[in-house]
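Below is one structure, written out as structure tokens; the observations come after it.
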Amino acid sequence: MSKLPQEIVEGLAVSPGAAFGRAVCIASQEFEIYRLSVADGEVDAELERLSQAVEVAQQDLDSARDSASAEIAGELGGIFEAHSLLLSDPGFLGRIQTQIRTDRVNAEWAVHETATDLAERFRRLDAEHLRARGEDLIDVSRHLQRALGGLSHQDLSEIEGDFIVVAHDLTPSEAVRLGRERVIAFAIETGSRTSHTTIIARSLHIPMVAGLAGLTHKVTDDDPLIVDGDNGRVILHPEGEAREGYRAAETRRRARWHRGVRSRTVPAETLDGVPVTLQANIDLPEEITEASEFGAAGVGLYRSEFIYIERSPDLPTEEEHLEIYTKMLEAMAPHPVVVRTFDLGGRKLAREVMHTAEENPVLGMRGIRLTLALPEIFAAQVRALLRAAARGPLQVMLPLVTTVEEVRAFRRLVEEAAARLEARGVEHSADFELGVMIEVPAAVWIAAELAREVSFLSIGTNDLIQYSMAVDRNNEHVSYLYQPYHPAILRMIRSVAAVGEEAGIPVSLCGEMAADPDCAPLLVALGLRILSLTPSTIPEVKEAIRSISLKELKEPVQRALAQSTAEEVVQCLRDALPSRYGPLRPPSAASD
Ligand code: PEP
Ligand code: MG
């Protein structure tokens, strides 16, 4: 038990639940590498530093290989072998030494320059196994940088028992990888409720608190802490009372979960008899079981990019795609499954897939743009979608659409894929329903034109808010401006719902607003009849929908739409909505 005093650090509640355990601090930020000049007389010493770092890095690798081989015998052996060879490769090491000698630079800079340059050349090669060598180079250079900086490599497989990850930042792929280890909670300095890292934490049921400024300076490895993902705080060195409170909250949570499962067959219907379809957002295939448990009427959004993230740096094959889609169709039958084509780019594997570092990736090669730019990679997914469509009610949805041409370009890829499958004599169907996500203001304004091209629209408010408010959804400094209740956002949602009514096609909403029991009734009142949300949030949202009368909400919602500020909108709704599911959260907290 720790003798240090208890301390509470407030952050944002982003993934529910609480966990009590010990901290493991992860340095996930890239190394900051500076170019430093080395005086003539110090070059030999710098070369000696490098050779010592090589030795340390080699020892690191050896111990990682020894601990891994027992668990995953053989599978990782080749990677460790390749990394070891690189550490003694004259082509790699020799170049670093030459650079230190000729440019008179520090070893860190020489390692960085050499590895980046060589990795970039490997990545441009056609052969996949050679491109993977580029990744190896980067990995090895990280080992070297750690050794040069005197930092010991933190290998999670060496840590015993369950633990809480404390970090400045985590990418979605790190969250998936760590979430599959023995991690029981995340406590992160950056982030927001709609960042993809957070979405993954919720998918894996890992409590998470984000926006914990300065936390990594307060916590050291093995410190005991409680991560309270319901109330958005971390308790360092918790005392007896805090631990008791944590246990009681856990018991209440479990009871709520079981109540939710029992309510699976209760219809989602307003008091005045308007039915609402509640579908599941799925990030990882295993969540499909939960979608069934909570009575989801199909999958409204399968974020297929996580197939790529999980397989990275390898690409998923057509068969792997097909297997996942088929399992989902079987589990959800007779309901439909909406597969969103891969939405990579932005923070999701941008560098790994694009092999470039974009200045502003969120406004760059992301979503449909990236998929159309990489038709060879995309083709495997498209063929698998066509094959799965022959097996059940599969629907396809395109992310981040900004132009009608993108939809047409996708249809051409479908025709090509269908022709290939036809030639191979493989069963498929090109007759699936195609939809687009409405995630940028441009798409809102051409929603009627898009509606003529597709069978359904789905509003992605996570991005729609980001791109409308010009607020990075992952940036805690501007999270106060991430306002779901901003009149501009509500008017856009209403306008897209009206386009759907006019065109006679369904409009769903699959952003986090749909998972918020305060907000869901408003979305229904704005005209939406299909909401897609994290499976475990279905019961609460259903309860909220069952407590409203659309007739009674009509007038206050009209009034809300005419307000000038998010604060005023919330006030209107607070007056109108029944208090039984609690007061609406203020807009600033709605993005937490
Ligand atoms: C959205 O933008 O609202 C959405 C559902 O997509 P994602 O969160 O994956 O960007
Ligand atoms: Mg989106």
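The values are calculated or read from the model by the stated rules, or taken from the named source; none is laboratory data. Since we're looking at a predicted model, the values are computed, not measured. Here Cβ is always computed from backbone atoms with ideal geometry, including for glycine, and neighbour counts include all displayed protein chains.
Determine whether GLU359 is under 24 Å from THR116 (Cα atoms), at pLDDT below 95 and either outside any helix (DSSP H, G or I) or within 16 Å of ligand 1 (Cβ to nearest atom) (or both). First the steps, then the outcome.
Numbers: under 24 Å from THR116 (Cα atoms): yes; at pLDDT below 95: yes; either outside any helix (DSSP H, G or I) or within 16 Å of ligand 1 (Cβ to nearest atom) (or both): yes.
Taking the combined requirement at face value, the residue satisfies it.
Residue under question is ALA442, and the condition is that it be more than 15 Å from ligand 1 (Cβ to nearest atom), of a type in the set (A, V, I, L, M) and more than 15 Å from ALA389 (Cβ to Cβ); does it hold? Steps first, please.
On the way: more than 15 Å from ligand 1 (Cβ to nearest atom): no; of a type in the set (A, V, I, L, M): yes; more than 15 Å from ALA389 (Cβ to Cβ): yes.
Against the criterion (more than 15 Å from ligand 1 (Cβ to nearest atom), of a type in the set (A, V, I, L, M) and more than 15 Å from ALA389 (Cβ to Cβ)), ALA442 does not qualify.
Got at least one residue in the stretch 464-487 being within 15 Å of ligand 1 (Cβ to nearest atom) and closer than 23 Å to ARG383 by Cα?
Scanning the stretch 464-487, I find no residue that is within 15 Å of ligand 1 (Cβ to nearest atom) and closer than 23 Å to ARG383 by Cα, so the answer is no.
Which one of these is closer than 12 Å to VAL276 by Cα, more than 23 Å from the chain's Cα centre (by Cα) and more than 16 Å from ligand 2 (Cβ to nearest atom): ALA503, ALA497, ALA544? If you could, list the steps in order and put the result at the bottom.
Details: ALA503 fails: closer than 12 Å to VAL276 by Cα; ALA497 fails: closer than 12 Å to VAL276 by Cα.
Of the residues listed, the single one that is closer than 12 Å to VAL276 by Cα, more than 23 Å from the chain's Cα centre (by Cα) and more than 16 Å from ligand 2 (Cβ to nearest atom) is ALA544.
So for the stretch 412-434 (the condition being within 16 Å of ligand 1 (Cβ to nearest atom), crowded, with 17+ Cβ neighbours inside 10 Å and under 27 Å from the mean Cα position of the chain (by Cα)), does at least one residue qualify?
The initial filter retains those residues of the stretch 412-434 that are within 16 Å of ligand 1 (Cβ to nearest atom), namely none.
For the stretch 412-434, residues within 16 Å of ligand 1 (Cβ to nearest atom), crowded, with 17+ Cβ neighbours inside 10 Å and under 27 Å from the mean Cα position of the chain (by Cα): absent.
Any chance you could count how many residues in the stretch 436-460 are of a type in the set (A, V, I, L, M), within 27 Å of the chain's Cα centre (by Cα) and surrounded by fewer than 18 Cβ atoms within 10 Å (Cβ to Cβ)? It would help to see each step written out before you state the result.
Step one: filter the stretch 436-460 for residues of a type in the set (A, V, I, L, M), giving 436-438, 440, 442-444, 446-448, 450-451, 454, 457, 459.
Then drop every residue that is not within 27 Å of the chain's Cα centre (by Cα), which leaves 436-438, 440, 442-444, 447, 450, 454, 457, 459.
Narrowing the set further to residues that are surrounded by fewer than 18 Cβ atoms within 10 Å (Cβ to Cβ) leaves 442.
Result for the stretch 436-460: 1.
Would you be able to say whether some residue in the stretch 272-283 is more than 30 Å from GLN395 (Cα to Cα) and at pLDDT 95 or above?
Filtering the stretch 272-283 down to residues more than 30 Å from GLN395 (Cα to Cα) leaves 272.
Imposing the further condition that a residue be at pLDDT 95 or above reduces the set to 272.
Scanning the stretch 272-283 turns up at least one residue that is more than 30 Å from GLN395 (Cα to Cα) and at pLDDT 95 or above.
Is it the case, given these coordinates, that ASP283 is in contact with a strand residue (DSSP E or B) (Cβ under 8 Å, 6 or more places away or on another chain), surrounded by 20 or more Cβ atoms within 10 Å (Cβ to Cβ) and not small (Gly, Ala, Ser)? Full working, then the answer.
On the way: in contact with a strand residue (DSSP E or B) (Cβ under 8 Å, 6 or more places away or on another chain): yes; surrounded by 20 or more Cβ atoms within 10 Å (Cβ to Cβ): yes; not small (Gly, Ala, Ser): yes.
Yes, satisfied.
Which one of these does GLY245 not meet: (1) surrounded by fewer than 15 Cβ atoms within 10 Å (Cβ to Cβ); (2) free of Cβ contacts under 8 Å to residues at least 40 places away in the same chain?
Exception for GLY245: condition (1).
Quick grid of which residues meet (1) outside the structural domain of GLY17 (by TED's automatic domain parsing); (2) at pLDDT below 90; (3) buried (at least 16 other Cβ atoms within 10 Å of the Cβ):
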| site | (1), (2), (3) |
| --- | --- |
| GLU181 | no, yes, no |
| THR194 | no, yes, yes |
| ILE199 | no, yes, yes |
| ALA210 | no, no, yes |
| HIS217 | no, yes, no |
| ARG233 | no, no, yes |
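Given the options ILE548, ILE538, name the one that is in contact with a Leu (Cβ under 6 Å, 6 or more places away or on another chain) and of a type in the set (Val, Ile, Thr).
Criteria check complete, one pass: ILE538.
Name the one entry in ALA562, ALA544 that is of a type in the set (Gly, Ala, Ser), more than 16 Å from ligand 1 (Cβ to nearest atom), assigned by TED's automatic domain parsing to the domain that holds MET437 and surrounded by fewer than 17 Cβ atoms within 10 Å (Cβ to Cβ).
Working: ALA544 fails: surrounded by fewer than 17 Cβ atoms within 10 Å (Cβ to Cβ).
The unique qualifying residue is ALA562.
Go over the candidates GLY300, GLY345, GLY295 one by one and state the one that is of a type in the set (Gly, Ala, Ser), surrounded by fewer than 22 Cβ atoms within 10 Å (Cβ to Cβ) and within 22 Å of GLU512 (Cα to Cα). Working first, answer last.
Working: GLY300 fails: surrounded by fewer than 22 Cβ atoms within 10 Å (Cβ to Cβ); GLY345 fails: surrounded by fewer than 22 Cβ atoms within 10 Å (Cβ to Cβ).
Step by step, each of GLY300, GLY345, GLY295 is checked, and only GLY295 is of a type in the set (Gly, Ala, Ser), surrounded by fewer than 22 Cβ atoms within 10 Å (Cβ to Cβ) and within 22 Å of GLU512 (Cα to Cα).
Pull up the stretch 362-393, narrow it to residues that are charged (D, E, K, R) and within 16 Å of ligand 1 (Cβ to nearest atom), then point me to the one that is modelled with the highest pLDDT. Full working, then the answer.
Let us first name the residues in the stretch 362-393 that are charged (D, E, K, R), namely 366, 369, 376, 383, 387, 391.
Narrowing further to those that are within 16 Å of ligand 1 (Cβ to nearest atom): 366, 369.
Details: ARG366: 91, ARG369: 95.
For the stretch 362-393, the residue satisfying everything is ARG369.
Return a yes/no flag: does the stretch 452-460 have any residue that is without any contact (Cβ under 8 Å) to a residue 40 or more places away in the chain, assigned by TED's automatic domain parsing to the domain that holds GLU502 and more than 16 Å from ligand 2 (Cβ to nearest atom). Give the derivation first.
Filtering the stretch 452-460 down to residues without any contact (Cβ under 8 Å) to a residue 40 or more places away in the chain leaves none.
The answer is no; no qualifying residue exists.
Only one of these conditions is not met by HIS335: (1) at pLDDT 95 or above; (2) farther than 27 Å from VAL404 by Cα; (3) within 16 Å of ligand 1 (Cβ to nearest atom). Which number is it?
The failed condition is (3).
Considering only the stretch 511-519, I want to know if a residue exists there that is charged (D, E, K, R) and closer than 19 Å to GLN558 by Cα.
Initially, the stretch 511-519 is screened for residues charged (D, E, K, R), giving 512, 516, 518.
Filter once more, keeping what is closer than 19 Å to GLN558 by Cα: 518.
Yes.
In the stretch 294-324, how many residues are at pLDDT 95 or above and among the acidic types (Asp, Glu)?
Residues meeting the conditions: 4.
Quick one: is PHE342 aromatic (Phe, Trp, Tyr), closer than 25 Å to ARG473 by Cβ and part of a loop (DSSP other than H, G, I, E, B)? It would help to see each step written out before you state the result.
Working: aromatic (Phe, Trp, Tyr): yes; closer than 25 Å to ARG473 by Cβ: yes; part of a loop (DSSP other than H, G, I, E, B): yes.
So PHE342 fits the description; yes.
Suppose we keep only residues that are assigned to a loop (DSSP other than H, G, I, E, B) and either within 17 Å of ARG383 (Cβ to Cβ) or among the aliphatic types (A, V, I, L, M) (or both) within the stretch 394-409. Which one would you say is nearest to ligand 1 (Cβ to nearest atom)?
Pass one, the stretch 394-409, residues assigned to a loop (DSSP other than H, G, I, E, B): 399-403.
Those still in the list that are either within 17 Å of ARG383 (Cβ to Cβ) or among the aliphatic types (A, V, I, L, M) (or both) too: 400-401.
On the way: LEU400: 8, VAL401: 12 Å.
Ranking the qualifying residues of the stretch 394-409, first place goes to LEU400.
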